[in-house]
Every structure is written in C-alpha cells, then in structure tokens.
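Structure, as structure tokens:
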Amino acid sequence: MNIAVAIASRGRPEEIGQLIAQLRAQSLKPCLIVLSVVSEADVGGLISDPSLKIVFGTPGLCAQRNRALDALPADIDLIAFFDDDYLPAPGSLQGAASFFENHPDVTGATGVLLADGINSAGISYEEASALISGYTPQHGNKPRILREQDGLYGCNMIYRVSAIRGQRFDETLPLYGWQEDIDFASRMARRGKQVKTDAFAGVHRGVKSARLPGVRFGYSQIANPVYLVRKGTMRFAYAFKLVLRNIAANLIRSPRSEPWIDRPGRLKGNLIALRDLVCGRLRPEAVLEL
C-alpha cells in the first residue's frame, strides 16, 4: 500500500525535523511526506529538501490538513495524520499497511500510545526516542483491532483515502481546531469502522510551544463541543461531560495552576463562552476576536 504522511505545523521546525527523521527510519518508507505550514520559518532548513512536499497557507489545523489532502496524488492508499510532536515506532507504517490490507471494512484507525505528554509538562525528544526504540509489538505479524471507537485521536490517525475522498476537515473550527478529530471521525464512521489497533504505536510528546493562549483555548473548550452537538457529530452526553470536566478543572486549579497551563486564562475563556451561549451568540470563530 502507498502511504502518505501529512503534518500540519506552525512554529515548530525542530519538532518537524525530528519527526521526519523518524519517518525516514521506518521499515516501510512513506511514499510522500506533506508539510502543511504557514511560512518558511515553520520548516527551517527543510525548505530546500526536494523529497518533501511543502504547502503554505493560512493558519489553523483544519485548514492546514485540508491543504495536505489537496496535495495528495491519485495513487495514495493511506493517509497518516501525525502531529508534529508525535514520534512513531519504527515499524508503524508497515504495521498500518498490513492492518488495512487485512481489514477492508476499517476506514480509519488510531494506534497505541506508549506515552502521552499532553497533560504534563511534555516528553523530551530523548525520552520519546528511547520509548519507541525499546518497543516490541505484541501482535507478531497479525495486527489486531483492540476496540471500535466513535472517534480517533488526532495526533496519530490513519485513514483509507478511498473512504475519505471528497471529505474535508471543518474549518469552522479555527486555530487549534479542538475536537476536529472527533468531528471528522464521526462523519467517516458512516463509511466503515473506526478502530484502535496495535498495528502501529508511538509517543505523543505534548510539546507546549506554539500552543493557543489560555483565553482562546478556554473559549474553544465550550464553543467547539456545543457547535459539534448542533452539527450532529458529537453526542450531547459526551459534550456535556467534556465541558463540565474542563470548567471544573480550570476552576479548581486556577489558584495553583500547573506551570505549563494557563488555567486562569482558560477559565476566563470558559466564562466568556458561557456568556455567549446564554446570549445566543456562541460560535467557534469568535475565538479569533479574543
């Protein structure tokens, strides 16, 4: 199978370089690596690398992933969406190809996370490299479905291109595009199974540079789930728990906020979003005005 890897990034040239080095060390090399960025500064010295396809445009995870989709040639079978701070284990692309060949009813899959630094100060490149280097798959040569899922984790999700052709990430979700992975997977679930598999694995480092300011992210924590419930791609019960958990965490932890999270800013964004919800003007795009 022909696999392309799409990386949407902004302000992290070092992390992009580290991920690409890991992709080039895969047992099955990707046929194409697409970097969807905003400016030349986002890719650093890679700008002159002829083996990469680099596309430029406006910032925003959904918009950048859509530009990557537009750049795919017709002969690509699988598209892997990897965050710039994700590192795949050496046999991941080979495992994914084998898995999709043997599971024709699966349209999308997310892999095993050996570690996730999103809720911590983050995981260093050295630590992540050690984890993936020491990883031995437990499935032998027969990757398994661990469970079916309503949504995939956006830092490491692979789709069958034939199943998603003509589909787009929702650019109504601006900037970080929080929950865009759930929205996209929900729409794709109508075309086949969405699963978690042990076919591929990696580490999501949770790098904190170039992330949204607290107020903006806090607004998206409310606005995006509400929008997706109205759209029909997120269940009300799931969205309600998600919103309630975020508000509670920001409220409780604001007096002693973690050094890597702007809890007071997030709480302020939550409150602005709740005000807009009551006033009937809540919309994801309003985050751009904060």
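Consider only pairs whose beta carbons are under 8 Å apart and that are at least six residues apart or on different chains; among these, list those whose first residue lies in region 182-195 and is free of Cβ contacts under 8 Å to residues at least 60 places away in the same chain and whose second residue is of a type in the set (D, E, K, R).
Sorted first by the residue in region 182-195, then by its partner, the pairs are 182/150; 183/170; 183/231; 184/170; 186/150.
State all residues of region 242-267 that are within 24 Å of residue 230 (Cβ to Cβ), surrounded by 14 or more Cβ atoms within 10 Å (Cβ to Cβ) and not hydrophobic (A, V, I, L, M, F, W, C); if no residue qualifies, say none.
246, 250, 266, listed by residue number.
Could you check region 227-279 and list, in sequence order, the residues that are part of a loop (DSSP other than H, G, I, E, B), out of contact with any Pro (no Cβ under 8 Å at 6 or more places or on another chain) and closer than 22 Å to residue 213 by Cα?
258, 259, 260, 261 - these are the residues of region 227-279 that are part of a loop (DSSP other than H, G, I, E, B), out of contact with any Pro (no Cβ under 8 Å at 6 or more places or on another chain) and closer than 22 Å to residue 213 by Cα.
List pairs: first residue in region 18-40 and within 18 Å of residue 201 (Cβ to Cβ), second residue β-branched (Val, Ile, Thr) and assigned to a helix (DSSP H, G or I) anywhere in the structure, Cβ distance under 8 angstrom, at least six positions apart or on different chains.
Cβ pairs passing all conditions: 22/132.
With in contact with a Pro (Cβ under 9 Å, 6 or more places away or on another chain) and either crowded, with 22+ Cβ neighbours inside 10 Å or touching a residue at least 60 places away in the same chain (Cβ under 8 Å) (or both) as the only criterion, which of 176, 219 stands out?
219
Going by the structure shown, is residue 263 of a type outside the set (Phe, Trp, Tyr), under 30 Å from residue 87 (Cβ atoms) and free of Cβ contacts under 8 Å to residues at least 24 places away in the same chain?
When the stated conditions are applied, residue 263 does not pass them.
Determine if region 48-71 includes at least one residue that is among the acidic types (Asp, Glu), in a loop (DSSP other than H, G, I, E, B) and over 23 Å from residue 191 (Cα atoms).
There is at least one residue in region 48-71 that is among the acidic types (Asp, Glu), in a loop (DSSP other than H, G, I, E, B) and over 23 Å from residue 191 (Cα atoms).
Could you tell me whether region 59-78 includes any residue that is in contact with a Cys (Cβ under 7 Å, 6 or more places away or on another chain) and of a type in the set (A, V, I, L, M)?
Yes - at least one qualifying residue is present in region 59-78.
For region 146-156: of the residues being out of contact with any Gly (no Cβ under 6 Å at 6 or more places or on another chain) and crowded, with 17+ Cβ neighbours inside 10 Å, which is farthest from residue 84 (Cα to Cα)?
The selected residue is 149.
Within region 243-278, how many residues turn out to be within 26 Å of the chain's Cα centre (by Cα) and hydroxyl-bearing (Ser, Thr, Tyr)?
Result for region 243-278: 1.
Tell me the residue from 236, 200, 240 that is assigned by TED's automatic domain parsing to the domain that holds residue 141 and either of a type in the set (A, V, I, L, M, F, W, C) or closer than 30 Å to residue 127 by Cα (or both), please.
Going through 236, 200, 240 in turn, just one is assigned by TED's automatic domain parsing to the domain that holds residue 141 and either of a type in the set (A, V, I, L, M, F, W, C) or closer than 30 Å to residue 127 by Cα (or both): 200.
The values are calculated or read from the model by the stated rules, or taken from the named source; none is laboratory data. Because the structure is a prediction, the values reported are computed rather than measured. When we count neighbours, we look across all protein chains shown, and the Cβ atoms used for this are built from the backbone with ideal geometry, even at glycine.
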